[in-house]
Amino acid sequence: MKDSITRRMLMGQGAAGLGSLALPRLLDDGARPKPHFAPKAKRLVYLFHSGGPSQLETFDYKPVLQQRNGEELPDSVRGGQRLTAMSGNQSSLPLAGAQFSFAQHGESGQWVSELLPHTAGIIDDLTVVKSMHTEAINHDPAITFLQTGSQIAGRPSIGAWLSFGLGSDNDELPASCVLVTKNKGGQPLYARLWGSGFLPSTHQGVQFRAGKDRVLYLADPDGVDVATRRRMLDRLRELHEAAYEREVDPAVRSRIDQYEMAFRMQMSVPEVTDLSDEPDWVFDHYGEDARQPGTFAANCLMARRLLERGVRCVQLFHQGWDQHGGLPGGIRRQCKETDQASAALVRDLKARGLLDDTLVVWGGEFGRTSYSQGKITSNNYGRDHHPRCFSMWMAGGGLRPGYSHGQTCDLGYNIAEDPVHVHDLHATLLHLLGIDHERLTYFYQGRDFRLTDVHGKVVRQLLA
């Protein structure tokens, strides 16, 4: 019937009516969201090492574990904790001490493995957390938890939340950008790890790639020039505006915004990805791989370029840290690929005056067991997944530099003091960015959702 109205239209019109009440506030100051309080940092770069780097070979020095190498993991230490199917059926759980040396570095005297000499050189700029813990024991829910605040797929990524809560400082580039090291293999990565979830699609992360097309589907097809593309988008906007008038569907407006962003990115992406203006010493600084697009070193350099152009959140993913066997050789290769570039990024940001208002985060989805998965030999062993404790480091605006937070037990199996949960990490990062994690919410399916769900507290000891 002519006068009939669908439930979707009714809900949409109701939402539009409510939205009009907030319109004057949103239009104020160019409709950009404001932080809840003065931020210490403006942007975030997250160096995510997928697979779970072993804390015992990197930052959590355990001489007692080395001394007791080969002994059985005491039942009193394990405390009945569940194990994965990969090591749960082992008749023996032999303790495995790290086969790498550790030394104290910097004025802070923090312990760092020989595998990370470049990171050791910036240790006084870092805040190392040795008492991270999570509930997830398998990769997919664990990585989803770190990136979205939930083990269940479908929630907005941390980059999407920052875009939603703080907006962008550059209208020519997405607020959230993603770089994945090429040809690494390992545990799979999914676009939902940088997706917008139930937030409007304008907040989703955009992946930059190593090939000819740095962003997929951005280039015009042959025979289509800029003027033709502009006319097409103008007509498409008119059609979408007509659809919005009929349906009052916010997703229609999101599609318009996405089309316009893609048009602007046709100019901005070639500029930001053209490294010809970088001097030779910069490539030397990041490492020999920095000239090869898609390597971790090249992605770290690209991250700096995106950050200095006002991108709110940059996520770097480096796979291959899931070392159930052959750990000594595997982690040596992984650290060689990432150590120099990670340290170079921190140094580069600091030299350019950007570290003071940029947060740098390094870590994986969980840690590794202090016992060996499979047989332990004089020069080889592996480690299973371990959610009970792991290490991460951070640097930048508002953090306490040269500080080591938390302790694990002598065998590196349990947290001994100052535990930090995933929700606590997210609450602290949001706090440094000027956001009260309990107030950054989005109403969906009958309740308010937030990055920290219904948990989390700011870890004040980490703040400068």
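Of Lys182/Lys336; Lys182/Lys375; Lys182/Lys212; Lys130/Lys184, which sit over 21 Å apart, Cα to Cα? Distance filter (> 21 Å) returns Lys182/Lys375; Lys130/Lys184. Of all aspartates and glutamates in the structure, those lying under 18 Å Cα to Cα from Lys62, and not within fewer than 8 positions of it along the same chain, are Glu71, Glu72, Glu114, Asp384, Asp410, Glu417, Asp418. Taking Lys and Arg as +1 and Asp and Glu as -1, the other residues whose beta-carbon sits under 13 Å from that of Tyr381 total +1. Shape class of region 25-172 from the Cα gyration tensor (axes a ≥ b ≥ c, square roots of the eigenvalues): oblate, since a/c reaches 1.5 or more and a/b does not exceed b/c. In deg cm²/dmol and to the nearest 500, what is the mean residue ellipticity at 222 nm of the chain if only DSSP H runs of at least 4 residues count, each as -39500 (n - 2.57), divided by the residue total? The helix-only estimate for the chain comes to -10500 deg cm²/dmol at 222 nm. Between Ala251 and Ser378, full extension at 0.36 nm per residue minus the direct alpha carbon distance yields a gain of 39.8 nm. Classify region 275-342 from the C-alpha gyration tensor, please: rounded if a/c falls under 1.5, else prolate or oblate depending on whether a/b exceeds b/c. Oblate, since a/c reaches 1.5 and b/c is not below a/b. Footprinting exposure proxy ranking of Met132, Met261, fewest other C-beta atoms within 10 angstrom first, gives Met261, Met132.
Against the longest alpha carbon principal axis of the chain, how many degrees, from 0 to 90 and to the nearest 10, is the axis of helix 7-27 turned? Helix 7-27 sits roughly 80 degrees off the main axis of the chain.
Summing Cβ point charges (Lys, Arg +1; Asp, Glu -1) relative to the Cα centre of region 255-360 gives a dipole of roughly 260 debye. Taking the square roots of five times each eigenvalue of the Cα gyration tensor of the chain, the equivalent ellipsoid has semi-axes of 42, 26, 21 Å, listed largest first.
From the alpha carbon centroid of region 256-278 to that of region 368-383 is 47 Å. Expressed as an acute angle from 0 to 90° and rounded to the nearest 10, what is the orientation of the C-alpha long axis of helix 327-351 relative to the principal long axis of the chain? Result, in degrees: 50.
Extension gain, Glu172 to Glu278: 0.36 nm times the residue separation minus the Cα-Cα distance gives 36.1 nm. Calculated on C-alpha atoms, the gyration radius of region 251-307 divided by its Kirkwood radius gives an Rg/Rh of 1.16.
Give, as a single signed number, the net charge of other residues whose beta carbon lies under 11 Å from the beta carbon of Leu440, with Lys and Arg counted +1 and Asp and Glu -1. Around Leu440, the charge tally is -1.
A short reminder: the numbers here are calculations on the coordinates, not readings from a lab. Bear in mind that the values here come from a model prediction, so they are computed numbers and not experimental data. Cβ: placed from backbone, ideal geometry, glycine included. Neighbour counts: every protein chain shown.
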